[in-house]
Amino acid sequence: MTEMSLHDVIPGSPQGPRRRSQRAAEKRRKKRRRRTWVTVLIVVAVLGVATTGAWFAIRPVLAAFNQPDDYPGPGSSAVTVRIPPGATGSDIATLLQGKDVVKTAKAYLGAAAQIPASAGIQPGTYALKLHMTGQGAVQALLDPAARLVKKVTIPEGSRVKDILPKIASTTGLKLAALQAAAKDTKSLDLPAQAKGNLEGYLFPSTYEVEPDTTAEDLLRQMVDNTLAQLEKVGVAAKDYHRDLTLASLVQAEGRHPADMGRIARVLTNRLAKNQPLQLDTTVHYALGRFTVATSVADTRVKSPYNTYLRPGLPPGPIGSPGLVALKAALNPTPGPWMYFVATNPSTGETKFAVTEAQFETLKAEYNAWQKAHPGQ
């Protein structure tokens, strides 16, 4: 009989179950290892997908960081941009970016910071270009040639019938539109004292007319300017019409600012004594003309503006007075004068008199000038 090795297992001995238990444990360990690798592979796959998605999500952001804030310039097609009153630098930058004039607001603001004059950019409508550099946009807004604006200057003493055609010929606004707007005085904020008559309320100055300015816009601005000037010199609201009327007479009679205070004093002295003003300029207004000579027949024209026949001030202004005339009417030069005569109409030289005899002397001087200058 062959001897058994000590390592041989006798069936039914205790070592049999132990071997089986070890094999089962080994199988379990292998399963666990397989599950672990599967889990790792799944995690890696998920992370790969997530990483790929994140890359696609952040790639545009990273690209944006690498892109310049400014266009290379100088710009392409034309574009019109309106800078509103009161716009700040940031407002302008945002507006230009929205119009695609500049690539970013940052580009404009950076350029403006380097150009101190940019703080003085005026409101208005400008002809710019698409895709400009920030610096190019700033420089364009500072260039008067880029601003789409027309200007009209209204001289002191102008009348409505002359103002409206001048605006039309200078700015391109239609005369018919201006005439229609002049009739709708409620829309122009004309004071009730004026009784719907715009004469005298279109302040003489230089006005800017933008492409989108309407006839009503411009006339309202002129009326507002008149009321602002009246307030500025201290005229009470209840006296607007009276003082504006008086100032219009001073403006019409005085060619030189140095004379206006004394002319205003003559008028107030005569009004205080209830004497007719006897002004040729009011008669000429009634007759619808500008002239120097006044005939006896002219002084008899039936009109509330004939100050030869009607005492006191005329019903309203006879033109648009300027600031100097307004100030003179409000604060006449102290003095006893009751008369004045433009003894030399060609130069506008005016002399003043207290008595009627002095006045007759000045009239003779004027008549001599007329004789020497027939037809003028």
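Could you say whether any residue in the stretch 300-316 is at pLDDT below 95 and either within 32 Å of the chain's Cα centre (by Cα) or β-branched (Val, Ile, Thr) (or both)?
Yes, the conditions are met somewhere in the stretch 300-316.
Please count how many residues of the stretch 60-85 are open to solvent by 80 Å² or more (accessible area, probe 1.4 Å), farther than 16 Å from Gly134 by Cβ and modelled with pLDDT of 90 or more.
3
For the stretch 257-281, which positions are of a type in the set (A, V, I, L, M, F, W, C) and open to solvent by less than 80 Å² (accessible area, probe 1.4 Å)? I'd like the intermediate steps shown before the answer.
Step one: filter the stretch 257-281 for residues of a type in the set (A, V, I, L, M, F, W, C), giving 258, 260, 263-264, 266-267, 271-272, 277, 279.
Once the filter is applied, which keeps residues that are of a type in the set (A, V, I, L, M, F, W, C) and open to solvent by less than 80 Å² (accessible area, probe 1.4 Å), the stretch 257-281 yields Met260, Ile263, Ala264, Val266, Leu267, Leu271, Leu277, Leu279.
Kindly indicate whether Glu156 is open to solvent by less than 70 Å² (accessible area, probe 1.4 Å), at pLDDT 95 or above, in contact with a helix residue (DSSP H, G or I) (Cβ under 9 Å, 6 or more places away or on another chain) and among the charged types (D, E, K, R).
Values: open to solvent by less than 70 Å² (accessible area, probe 1.4 Å): no; at pLDDT 95 or above: yes; in contact with a helix residue (DSSP H, G or I) (Cβ under 9 Å, 6 or more places away or on another chain): yes; among the charged types (D, E, K, R): yes.
Spelling it out, it is not the case that Glu156 is open to solvent by less than 70 Å² (accessible area, probe 1.4 Å), at pLDDT 95 or above, in contact with a helix residue (DSSP H, G or I) (Cβ under 9 Å, 6 or more places away or on another chain) and among the charged types (D, E, K, R).
Give the residues of the stretch 184-212 that are of a type in the set (A, V, I, L, M) and either open to solvent by 20 Å² or more (accessible area, probe 1.4 Å) or in contact (Cβ under 8 Å) with a residue 60 or more places away in the chain (or both), sorted by residue number. Spell out how you get there, then give the answer.
Residues of the stretch 184-212 that are of a type in the set (A, V, I, L, M), as a first pass: 188, 190, 192, 194, 198, 202, 209.
Selection gives Leu190, Ala192, Ala194, Leu202, Val209.
Could you tell me how many of the residues in the stretch 116-133 are farther than 17 Å from Ala87 by Cα and either at pLDDT below 95 or open to solvent by 40 Å² or more (accessible area, probe 1.4 Å) (or both)?
Number satisfying all stated conditions: 4.
Regarding Arg262, is this residue within 14 Å of Ala325 (Cβ to Cβ) and either more than 38 Å from the chain's Cα centre (by Cα) or at pLDDT 95 or above (or both)? Please lay out each step first, then the result.
Working: within 14 Å of Ala325 (Cβ to Cβ): yes; either more than 38 Å from the chain's Cα centre (by Cα) or at pLDDT 95 or above (or both): yes.
The answer is yes for Arg262.
Can Ala181 be described as over 27 Å from Ala78 (Cα atoms) and touching a residue at least 12 places away in the same chain (Cβ under 8 Å)? It would help to see each step written out before you state the result.
On the way: over 27 Å from Ala78 (Cα atoms): yes; touching a residue at least 12 places away in the same chain (Cβ under 8 Å): yes.
When the stated conditions are applied, Ala181 passes them.
The values are calculated or read from the model by the stated rules, or taken from the named source; none is laboratory data. Everything numeric here is computed off the predicted structure, so don't read it as measured data. When we count neighbours, we look across all protein chains shown, and the Cβ atoms used for this are built from the backbone with ideal geometry, even at glycine. All accessible areas refer to the heavy atoms of the entire protein, side chains included, with ligands and DNA or RNA removed. Shrake-Rupley method; radii C 1.70, N 1.55, O 1.52, S 1.80 Å.
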